[in-house]
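*Asks:* Got a structure for you, written out below as C-alpha cells; questions coming shortly.
The values are calculated or read from the model by the stated rules, or taken from the named source; none is laboratory data. Worth saying up front: this structure is predicted, and the values here are computed from it rather than measured. A quick note on method: Cβ atoms are made from the backbone with ideal geometry, for glycine too, and the neighbour counts reach across all protein chains shown.
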Amino acid sequence: MPHNLSDSNSNVEKKNAQFPSWLKRQIAHSGKQNSILENIHSSGLHTVCVEAKCPNRSECYSKGTATFLILGNTCTRFCTFCGVNHGDPEAVDLDEPAKVVDAVKSLKLNHVVITSVTRDDLSDGGASVYSETITQIRKSLPDVTIEILIPDFKGDHRALEKVISVKPDIFNHNIETVPRLYSEVRPQALYERSLQVLSIAANGGLRVKSGIMVGLGETIEEVQQVMKDVYATGCRIMTIGQYLQPSKNQTSVKEFITPDQFGLYEEFGNELGFSSVFAGPFIRSSYMAEKIFRDVQH
C-alpha cells in the first residue's frame, strides 16, 4: 500500500521538538515523491525507506531516489533497533527481480541500492534472489551501477558466493553496533560472523562497505575498535550514523552524538586508511550512496 508521506512528515516534526539542534531540519518537498510512490509501492515492491522508517526518506524521495527492499517486508529476526516488521514472511515473489528492473527504468536511476529483510526461513537466505535481481538489471540496464546491502546469510559461504559471483559494484553488510551490545541489539546475529562476511566479499575482489549506528550506549573506544576490525577485513568504505528510535517498540536512544564527534570518527577512519568514512547524525547505509560510489572511484 502506498505510504502516506504527510503522516510521516508530521511524525518527523513531532520528533524534531525532542531532538538537539543538529538533528532538526526542514522536510524536503518536490514533485518526485509521487513518482517514487507510483513506480515502487504501487507495483507491490517495498523500500527500506518506508519499512524501516528512515528519517531521510522525504529528502531521498524528493531527489527521486529510494532503496529497494526485496524478499518481502517481514523479517525473520528480531533486532531491537529496527522498525521493519518481523514474524513469519510470505512466500518469495518470483517476479520481484523483474519488478525492480521496471522500477529502475521508470525512475531513470544511474545507481540502484538493493537491500532485504533477513530470511532465515530460506535455504540460501535469499541469496539467489539477490543474484537474479542483479543479473536482470545488468542485462536490461548495463550502465546502471548496483549496490547491495545484504544480511549475513548465517555465514553460508555458498550463499555468499551466489552474490559475489555476479559482482555488484558495492557489497555492503552492516556491523550495526559494537560487540558488547549485540546481545541487546542484534540477538540473532554474531559480530565475528559479520566480520567474516565482509572478509569473504573483500577476498572475492568486491568493493566492500559497512556501517554502524551510534548512540546506543557504546563508548568512543569501542567504536574505534570496530572501525579497526572492519578495516582489517578489507572493507574500505564505512558509514556511521546516529541511531534514532523508529517507534516506541524499539530500543531507546542512549545518547545524541555531536557533529564534532562524528567529525573525529571520520578523521580516525581516514588515518586508518579507509577510502571513505561518511559520518554524521543523519547518515545511513544507503544515504547519498551514489555520491559515495562515484567518490571512491577516483
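*Asks:* Could you please give the count of residues in segment 235-251 that are in a strand (DSSP E or B), without any contact (Cβ under 8 Å) to a residue 60 or more places away in the chain and either surrounded by fewer than 17 Cβ atoms within 10 Å (Cβ to Cβ) or of a type in the set (A, V, I, L, M) (or both)?
*Replies:* Summing the residues that are in a strand (DSSP E or B), without any contact (Cβ under 8 Å) to a residue 60 or more places away in the chain and either surrounded by fewer than 17 Cβ atoms within 10 Å (Cβ to Cβ) or of a type in the set (A, V, I, L, M) (or both) in segment 235-251 gives 2.
*Asks:* If I go through segment 186-243 residue by residue, how many of them are of a type in the set (S, T, N, Q) and within 18 Å of Glu271 (Cα to Cα)?
*Replies:* 5
*Asks:* Being touching a strand residue (DSSP E or B) at 6+ places or on another chain (Cβ under 9 Å) and either surrounded by fewer than 20 Cβ atoms within 10 Å (Cβ to Cβ) or not hydrophobic (A, V, I, L, M, F, W, C) (or both): is that true of Glu192 here?
*Replies:* no
*Asks:* Out of segment 162-189, which residues are of a type outside the set (A, V, I, L, M, F, W, C) and surrounded by 16 or more Cβ atoms within 10 Å (Cβ to Cβ)?
*Replies:* Scanning segment 162-189 gives Lys162, Pro168, Asp169, Asn172, His173, Asn174, Glu176, Thr177, Pro179, Tyr182, Arg186.
*Asks:* Out of (1) out of contact with any Asp or Glu (no Cβ under 8 Å at 6 or more places or on another chain); (2) part of a helix (DSSP H, G or I); (3) surrounded by fewer than 18 Cβ atoms within 10 Å (Cβ to Cβ), the odd one out for Ala201 is which?
*Replies:* Condition (3) is where Ala201 drops out.
*Asks:* Does segment 212-222 hold any residues that are surrounded by 21 or more Cβ atoms within 10 Å (Cβ to Cβ) and either farther than 21 Å from Phe19 by Cβ or more than 18 Å from the chain's Cα centre (by Cα) (or both), and which are they?
*Replies:* Result: Glu218, single match.
*Asks:* Can I ask one more? With Val208, Val185, Val197 as the choices, which residue is in contact with a strand residue (DSSP E or B) (Cβ under 6 Å, 6 or more places away or on another chain), β-branched (Val, Ile, Thr) and more than 16 Å from Pro97 (Cβ to Cβ)?
*Replies:* On the way: Val185 fails: in contact with a strand residue (DSSP E or B) (Cβ under 6 Å, 6 or more places away or on another chain); Val197 fails: in contact with a strand residue (DSSP E or B) (Cβ under 6 Å, 6 or more places away or on another chain).
Only one candidate passes the filter, namely Val208.
*Asks:* Follow-up. Given segment 61-163, what strands (runs of 3 or more DSSP E) lie entirely inside it while holding 3 or more residues that are on the phi < 0 side of the Ramachandran plot and touching a Pro at 6+ places or on another chain (Cβ under 8 Å)?
*Replies:* 145-149
*Asks:* Conditions first: (1) farther than 22 Å from Phe153 by Cβ; (2) touching an Asp or Glu at 6+ places or on another chain (Cβ under 9 Å); (3) outside any loop (DSSP other than H, G, I, E, B); (4) at pLDDT 95 or above. Asp260 passes all but one, so which condition is the exception?
*Replies:* Evaluating Asp260 over (1) farther than 22 Å from Phe153 by Cβ; (2) touching an Asp or Glu at 6+ places or on another chain (Cβ under 9 Å); (3) outside any loop (DSSP other than H, G, I, E, B); (4) at pLDDT 95 or above leaves (2) as the failure.
*Asks:* For segment 177-217, enumerate the residues that are in contact (Cβ under 8 Å) with a residue 40 or more places away in the chain and over 22 Å from Asp124 (Cα atoms).
*Replies:* Thr177, Val178, Pro179, Arg180, Glu184, Val185, Arg207, Gly211, Met213, Val214, Gly215, Leu216
*Asks:* Shifting gears a bit: Would you say Thr145 is at pLDDT below 95 and touching a strand residue (DSSP E or B) at 6+ places or on another chain (Cβ under 9 Å)?
*Replies:* Yes.
*Asks:* Confirm whether Arg284 is surrounded by fewer than 21 Cβ atoms within 10 Å (Cβ to Cβ), touching a strand residue (DSSP E or B) at 6+ places or on another chain (Cβ under 9 Å), within 20 Å of Ile150 (Cα to Cα) and touching a residue at least 40 places away in the same chain (Cβ under 8 Å).
*Replies:* In short, no.
*Asks:* Suppose the filter is within 19 Å of Thr239 (Cα to Cα), in a helix (DSSP H, G or I) and within 18 Å of the chain's Cα centre (by Cα); does Leu195 pass it?
*Replies:* Working: within 19 Å of Thr239 (Cα to Cα): yes; in a helix (DSSP H, G or I): yes; within 18 Å of the chain's Cα centre (by Cα): yes.
Taking the combined requirement at face value, the residue satisfies it.
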